[in-house]
Amino acid sequence: MKFLFKVAPNQRIKQSTQSIMFELSLGLLAIYLFSLIYYYVEYGMSYVVHALLLMATALLVSLAVEIIWSLLFKKDIMAHLKSSFPWVSAIILVLMVPISMTLYALAIGTVFAILVGKLIFGGFGHNIFNPAAVGRTVILTAFTSAAVADLTTSATPIVAIANRGWLITDGAAREAFLEGFGGLSNLFLGWYPGALGETSTLLILIIGAILAVRRVLDWRVPVFYLGTLFLLGSLIALINGVGIWYPIYHIIAGGAAFGAVFMLTDPVTNPTSASGRIIFAIGAAIITIMIRVQANLPGGVVYSILLMNMLTPSIERLTDGWQYDKVKKYVLASVATFVVGALLIGGIATQMTAVAVEDNGNGNGDDDDNGDVVVNLGEPIGIFDNAAVKPVGDVVEVTEDGDLITYIVDAKGYAVLEGGYDNAQPNQFEVVLNKAETTIVSVKALAINDTPGISDPAQSDTFLNQYEGLSFADEDASVDVASGATVTSISVNRAVRAAIDALQGGQ
């Protein structure tokens, strides 16, 4: 009888789990530092303080959950913490949320990330889902309006293009849209507001390359994920004739690069084989694109990671065996996965329609009879919320007709406060108040100088009609912002507040 043995190749490396997690933490903190610098330069120290509080909250909550778990199961606390690395998930979760996130929402998300995402499965190394992705999903689902009122920023690139149906076919509209974020180059550099750690694609890729060289992560996962995103985005661009900017936008806007480098590469929740990880990355990219262009979600990265985490055991079984003997099988499986995804995305791309913004003659880009403008309303902003309306608008003209007083007001919007445009002008509104009934009669946009396309939802009847009939005697009076045009929406509030102040000051 003859026995054949194939001993798996082994390679001894000096790295330990502790050293890998240490280097990963350093990379994450470098991205966090970039975010602190950006918000300090562009918004001031109050934003930095809140960002520091967010990090402190996540770290303290993650440690508290792990310690309580250790006490309940009578484990050595220090030994457990050293082998569980709760701070890594906490840091990743912080970098996934916007600067305006409330502390309590982040705290609850952290509890779910550590407890539900990891500990109940047996702790580090046994969890099925990426813990940080679990926490972020809870926040996205349960705390969609959880935001600190005095930390207001403009719409993120992902939300802005999602509000346009993930497609811009008009060349002039595209240029105006990209200019609102400083162009593709600025999006790549990351000098714009968004999730704390997801904006600078350049920095993320540099750190990812360093970590890949040092074998902290597997380079195949981010390369195949981002590569598939680019190819599928190019397919959509080709079918709809929108240019090379479109697939680039898919990569540099939102959390695609961050998810590729720091989340999809999680060795616990992705397959162990090289071929399995390639299939895993391609599948995640397909789901990301499908969610973005087809579902009612702007990003899609987090959900794609969780869905592929569920498929990891199946991918493991598919790619189980001697890798070199079955290389053709694995190549065919990878190619087949991509082809299926390309067919799905190609079919979806033929049905995609850009949300066109047209002026129907009233000067404010309202919804026309064909429903060209799609306006979604988001979180509430109070008319008397000082943090939301500063600086208050300037009244330039007053006309009185009995109890009705009409104010023409200039209010600073995105172009003046954040856009950095040369010779930027404030927005101008007409605000009509009824002094006898202490109500707002109407609000109209006369001149909007913020970025065309992005600011349009704040000029629509859907948004402006919210002011009609509101009592300015009610200190809690508020309206919902026009999603994707947050700063322009707030400029309307500035104008309304200025008119009310002028009326009350003249009485």
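What follows is calculated from the coordinates using simple rules that are stated; it is not laboratory data. Since the model is a prediction, treat every value here as computed from it, not as a measurement. A quick note on method: Cβ atoms are made from the backbone with ideal geometry, for glycine too, and the neighbour counts reach across all protein chains shown.
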Checklist entry - With each run of n ≥ 4 DSSP H residues scored as -39500 (n - 2.57), what mean residue ellipticity at 222 nm is computed for the chain after dividing by its residue count and rounding to the nearest 500 deg cm²/dmol? => result -16500 deg cm²/dmol
Checklist outcome for this item: Total charge of the residues flanking Thr110 in space, meaning their Cβ is under 14 Å from its Cβ, with Lys and Arg +1 and Asp and Glu -1, is +1
Checklist outcome for this item: Projected onto the charge dipole of segment 106-263 (unit charges on the beta-carbon of Lys, Arg, Asp and Glu, signs +1, +1, -1, -1), the Cα from Leu119, Pro193, Gly259 with the largest positive-side position is that of Leu119
Checklist outcome for this item: Computed from the beta carbon distance with a Förster radius of 56 Å, FRET efficiency for Ala172 and Ser16 to the nearest 0.05 stands at 0.50
Checklist entry - Points 7 angstrom from Cα along the Cβ direction at Val223 and Asn386: gap in nanometres? => result 5.7 nm
Next on the checklist: Between Ala209 and Thr141, what is 0.36 nm times their sequence separation minus the Cα-Cα distance? Round to one decimal in nm.
Outcome noted: 21.2 nm
Item to check | Distance (nanometres) between label positions extended 7 Å along Cα→Cβ at Glu179 and Ala424 | outcome: 1.3 nm
Next on the checklist: To the nearest 20 Debye, how big is the dipole of the chain about its Cα centre, given +1 on the beta carbon of each Lys and Arg and -1 on that of each Asp and Glu?
Outcome noted: 4380 debye
Checklist entry - Can you give the charge dipole size of segment 16-149 about its Cα centre, rounded to the nearest 20 debye, using +1 on the beta carbon of Lys and Arg and -1 on the beta carbon of Asp and Glu? => result 300 debye
Next on the checklist: Just want to confirm a number: the relative contact order over the chain, from Cα pairs under 8 angstrom separated by 6+ residues, in percent.
Outcome noted: 13 percent
Checklist entry - Under 5 Å between amide H atoms, partner at least 5 residues away or on a different chain: which partners does Met101 have, H built in plane at 1.01 Å? => result Val148
Next on the checklist: Once you order the gyration tensor axes a ≥ b ≥ c over the Cα atoms, which shape class does segment 16-149 get: rounded for a/c under 1.5, otherwise prolate or oblate by comparing a/b with b/c?
Outcome noted: prolate
Next on the checklist: I need the shape label for segment 377-506. Rule: rounded when a/c is under 1.5, else prolate if a/b > b/c, else oblate, with a, b, c from the alpha carbon gyration tensor.
Outcome noted: prolate
Item to check | Two-site FRET efficiency, Ala436 against Tyr104, from Cβ-Cβ distance with R₀ of 41 Å, rounded to 0.05 | outcome: 0.45
Checklist entry - Can you list the HN-Hα couplings for segment 235-249, worked out from phi with the Karplus curve (6.51, -1.76, 1.60; θ = phi - 60°), rounded to whole Hz and with x for Gly and Pro? => result 4, 4, 4, 5, 5, 9, x, 10, x, 5, 4, 5, x, 5, 4
Item to check | Residues Leu33 and Phe73, FRET efficiency given R0 of 35 Å [Cβ-Cβ distance, rounded to 0.05] | outcome: 0.45
Checklist entry - If you take the square roots of the eigenvalues of the alpha-carbon gyration tensor of the chain and sort them as a ≥ b ≥ c, do you get rounded (a/c under 1.5), prolate (a/b over b/c) or oblate? => result prolate
Item to check | Environment charge at Ala473 (Cβ cut-off 13 Å; Lys +1, Arg +1, Asp -1, Glu -1) | outcome: -3
Checklist entry - Between Val327 and Met45, what is the label-to-label distance in nm when each label sits 7 Å out along the Cα-to-Cβ direction? => result 6.0 nm
